[in-house]
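The values are calculated or read from the model by the stated rules, or taken from the named source; none is laboratory data. Values in this document were obtained by computation on a predicted structure and should not be read as measured data. Every residue, glycine as well, gets a Cβ built from its backbone with ideal geometry; the counts of neighbours run over all protein chains shown. Calculation scope for accessible area: heavy atoms of the full protein, side chains included, ligands and nucleic acids excluded. Shrake-Rupley method; radii C 1.70, N 1.55, O 1.52, S 1.80 Å.
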Amino acid sequence: MYKRTGLMLRASLLAGTLACGPAAAAVYAAVPQALPTAQCFVEPKPGDATKSIITGEGFKKGKVTVDQTDGPGGVLVTVGEDGKFTANDQPNGKYTASGGGLNATCLSGQAAQDTVNKNAIDAARKAGAAEGFTIGRELAQAGNCAAKAEPKPLRQGLVPDAAAQKAAQEAHDAAFTSAFATAIQRYCTD
């Protein structure tokens, strides 16, 4: 969704909720306000110190221009259904990616690692909550109201560092356990 369209949509939603009263306004407050963001990363190519691999996610399917901001490099790449792209064998340097109305400065080094770590922890928390609630609901609806939460090991996407892997697993397990307990409580009625 483009920023302007999103702003107009939220403004009309807010106006409608104010006309309906405070209960509707409370529902509006629960609507996520952040637009999805595109991300881009530069990592060294294994075995070739003169080349980099540029990857991105959160883009719209189609084409993305990957431009080197500190040199003559650049390439047009295709974004897949999942919103991701890869540009192999690019000269080392700083890059930006743009396409489909989205732009990102490609991160490298510690900034890239910090972003990957945060993404891993956020994704783990979200996955844990979804899994915990689903499993808890299924067990409760099957009459197993004494079930205990048993989170599964987390599968990692992009590779966070060791501390972030541990934090992601802990976030996943905590969210799983909380959502599981909520589902059991909601669906196990006396």
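If Leu76 meets every condition in (1) in a loop (DSSP other than H, G, I, E, B); (2) more than 18 Å from Gln39 (Cβ to Cβ) apart from one, which number is that one?
(1)
Could you tell me whether any residue of region 100-123 is within 18 Å of Phe176 (Cα to Cα), β-branched (Val, Ile, Thr) and either at pLDDT below 90 or assigned to a strand (DSSP E or B) (or both)?
The answer is yes; a qualifying residue exists.
Of the residues Asp89, Asp70, only one is without any contact (Cβ under 8 Å) to a residue 40 or more places away in the chain, open to solvent by 30 Å² or more (accessible area, probe 1.4 Å) and of a type in the set (Asp, Glu); which?
One residue alone meets the criteria, Asp70.
From the list Lys166, Lys126, Lys152, pick out the single residue that is open to solvent by 60 Å² or more (accessible area, probe 1.4 Å), within 15 Å of the chain's Cα centre (by Cα) and not hydroxyl-bearing (Ser, Thr, Tyr).
Lys126
Does any residue in region 168-190 that is over 15 Å from Arg137 (Cα atoms) come within less than 7 Å, Cβ to Cβ, of a residue that is β-branched (Val, Ile, Thr) six or more places away or on a different chain, and which pairs are these?
What qualifies is Ala168/Ile121; Ala171/Ile121.
Out of everything in region 30-42 that is within 20 Å of Thr115 (Cβ to Cβ) and surrounded by fewer than 17 Cβ atoms within 10 Å (Cβ to Cβ), what residue ends up being modelled with the highest pLDDT?
Step by step, filter region 30-42, then rank; the result is Thr37.
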